[in-house]
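Working notes, beginning with the structure itself.
Just so you know, all these numbers are worked out from the coordinates, no wet-lab data involved. Being a predicted model, the structure only gives us computed values, none of them experimental.
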Amino acid sequence: SLLGNILEEVQEHSTSVGKVWLTVIFIFRILVLGTAAESSWGDEQSDFECDTLQPGCTNVCYDKAFPISHIRYWVLQIVFVSTPSLVYMGHALHTVRMEEKRRQREQEEN
């Protein structure tokens, strides 16, 4: 199967420490993000009070005090941590496809 071939290709070049590290990072971060983050940092802006009555003051003051939310920061970290792995898996997919095409051509010639 295609998925099995891709995983074999990826496992062939990964160290055991790398496999465990990525698994722990993904599980821990996604678990924390999915369970605790929303309840802890869900709607911080609703409790934020502004000292003027100008429209948009609450948004501007909140953005100045907290430039990035904790949830967005964690999502950004997950994206940055997973990008190299996804790029490598894309390369492995390309390699597996090219190998399958080469085998098909050899079978058609014989």
### Task
Provide the per-residue ³J(HN,Hα) series for region 98-110, in order, calculated from phi with Karplus coefficients 6.51, -1.76, 1.60 and θ = phi - 60°, each as a whole number of Hz, with x at glycine and proline positions.
5, 5, 5, 5, 5, 5, 5, 4, 5, 5, 5, 6, 8
### Task
Grab the Cα-Cα distance for Ile30 and Glu49, subtract it from 0.36 nm times how many residues apart they are, and report the gain in nm with one decimal.
3.7 nm
### Under Karplus coefficients 6.51, -1.76 and 1.60, residue-wise ³J(HN,Hα) of region 76-81 in Hz, glycine/proline x
4, 4, 4, 5, 5, 6
